[in-house]
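The values are calculated or read from the model by the stated rules, or taken from the named source; none is laboratory data. Everything numeric in this text was worked out from a predicted model, so none of it was measured. For neighbour counting, all protein chains shown are included, and Cβ atoms are generated from backbone atoms with ideal geometry for every residue, glycine included.
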Amino acid sequence: MNNINSSIDKYRNIHKKSKIAILGSSPTLELYENKEDISIAVNGAPLCLSENYKINYFMCGDKDSHDRQWFLSSEKFNAIRIVSSFVLPYDPIIIPKKNERFELQKRLKEFYENEENYINFNLDDYVLDSKHGFFHYSRPWNQIISKRQKKISKSATISGVAAQMALIMGAKEIHLYGCSFGDVKNKHYYYDSKGEPGGIKLWQPVVMDFILYQMIKKYNIEIIAHGETTLRIPKRVD
């Protein structure tokens, strides 16, 4: 396992043979009951849950994440944060020192001046001495889904990112809550989005199904979607 991004590698097999819940922010999140061993919340999910619920990890990866109302909402759960390389420079929980964040923001700005594709922002040379971490994205056609993968395939929403992280962590079961991949009763979010943009693009459920299919085929992982969903690969439980 040479040349693996150290920030991903420190989570590899950390929760071997565990049941991991992925907590998205669609209305079916209300079905989550703290029954799984580990939970990974994404984007706005922490806004929907009280401190009585368990959130072990928080993930986000959109370039505008730091401008969203939910960006720091995982703090009340003391969750471990794992964000994309281009979100990291704006995260005061992962990087408390303002001057350190500013230096990374300068690097990011310089990168944007020369490169249109923000997912290629590389921080392989950056050492993060923290329980928190960051990941690099890859295009779906460039990324084989595997417990040994070095990057995270995009285009399946942040829930797809979290599912891949659950695989890397060693999950034997993945439970999807709030991952409807479409409106439920004419609602996209379980919380008040306050007009912040969001939605599901036509190809995202297809890419998510493809990612989940590879997990099941290669590793015989059981994947269960709780509540209404447009996904076809997971077993559905209402």
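Show the residue pairs that are 6+ apart or on different chains and have beta-carbon atoms under 8 Å apart, the first residue being within segment 101-116 and closer than 26 Å to ASP129 by Cα and acidic (Asp, Glu), the second being modelled with pLDDT of 95 or more and surrounded by 14 or more Cβ atoms within 10 Å (Cβ to Cβ).
From segment 101-116, no pairs qualify.
Is there a residue being small (Gly, Ala, Ser), buried (at least 21 other Cβ atoms within 10 Å of the Cβ), free of Cβ contacts under 8 Å to residues at least 60 places away in the same chain and touching an Asp or Glu at 6+ places or on another chain (Cβ under 9 Å) anywhere in segment 146-160?
The answer is yes; a qualifying residue exists.
Is at least one residue of segment 133-153 of a type in the set (S, T, N, Q), touching a Pro at 6+ places or on another chain (Cβ under 8 Å) and either more than 24 Å from GLU75 (Cα to Cα) or at pLDDT 90 or above (or both)?
yes
Test ILE233 against the stated conditions and say whether it is touching a residue at least 40 places away in the same chain (Cβ under 8 Å), under 21 Å from GLU36 (Cα atoms), of a type in the set (Val, Ile, Thr) and in contact with a Leu (Cβ under 8 Å, 6 or more places away or on another chain).
Considered against the rule, which asks whether it is touching a residue at least 40 places away in the same chain (Cβ under 8 Å), under 21 Å from GLU36 (Cα atoms), of a type in the set (Val, Ile, Thr) and in contact with a Leu (Cβ under 8 Å, 6 or more places away or on another chain), ILE233 comes out as no.
Return the residues of segment 196-238 that are surrounded by 16 or more Cβ atoms within 10 Å (Cβ to Cβ), part of a helix (DSSP H, G or I) and not aliphatic (A, V, I, L, M); say none if nothing qualifies.
Of everything in segment 196-238, those that are surrounded by 16 or more Cβ atoms within 10 Å (Cβ to Cβ), part of a helix (DSSP H, G or I) and not aliphatic (A, V, I, L, M) turn out to be GLN204, PRO205, ASP209, PHE210, GLN214.
Within segment 181-223, restricting attention to residues that are in contact (Cβ under 8 Å) with a residue 24 or more places away in the chain and among the hydroxyl-bearing types (Ser, Thr, Tyr), which residue is nearest to LYS17 (Cα to Cα)?
By that ranking, first place goes to TYR219.
Take the residues in segment 133-143 that are over 27 Å from ILE95 (Cβ atoms) and either among the polar types (S, T, N, Q) or in contact (Cβ under 8 Å) with a residue 40 or more places away in the chain (or both); name whichever of them is surrounded by the fewest Cβ atoms within 10 Å (Cβ to Cβ).
By that ranking, first place goes to ASN142.
Just checking, which of ILE82, ILE38, ILE55 is among the β-branched types (Val, Ile, Thr) and without any contact (Cβ under 8 Å) to a residue 60 or more places away in the chain?
Working: ILE82 fails: without any contact (Cβ under 8 Å) to a residue 60 or more places away in the chain; ILE38 fails: without any contact (Cβ under 8 Å) to a residue 60 or more places away in the chain.
Of ILE82, ILE38, ILE55, the one residue that is among the β-branched types (Val, Ile, Thr) and without any contact (Cβ under 8 Å) to a residue 60 or more places away in the chain is ILE55.
What do you reckon, is ILE158 hydrophobic (A, V, I, L, M, F, W, C), touching a Cys at 6+ places or on another chain (Cβ under 7 Å) and modelled with pLDDT of 95 or more? It would help to see each step written out before you state the result.
Values: hydrophobic (A, V, I, L, M, F, W, C): yes; touching a Cys at 6+ places or on another chain (Cβ under 7 Å): yes; modelled with pLDDT of 95 or more: yes.
Spelling it out, ILE158 is indeed hydrophobic (A, V, I, L, M, F, W, C), touching a Cys at 6+ places or on another chain (Cβ under 7 Å) and modelled with pLDDT of 95 or more.
Checking ILE40 against (1) farther than 26 Å from TYR112 by Cβ; (2) in a loop (DSSP other than H, G, I, E, B): exactly one of these is not met. Which one?
Condition not satisfied by ILE40: (2).
Go through segment 1-33 residue by residue and tally those that are surrounded by fewer than 19 Cβ atoms within 10 Å (Cβ to Cβ), modelled with pLDDT of 95 or more and of a type in the set (S, T, N, Q).
Total satisfying the criteria: 2.
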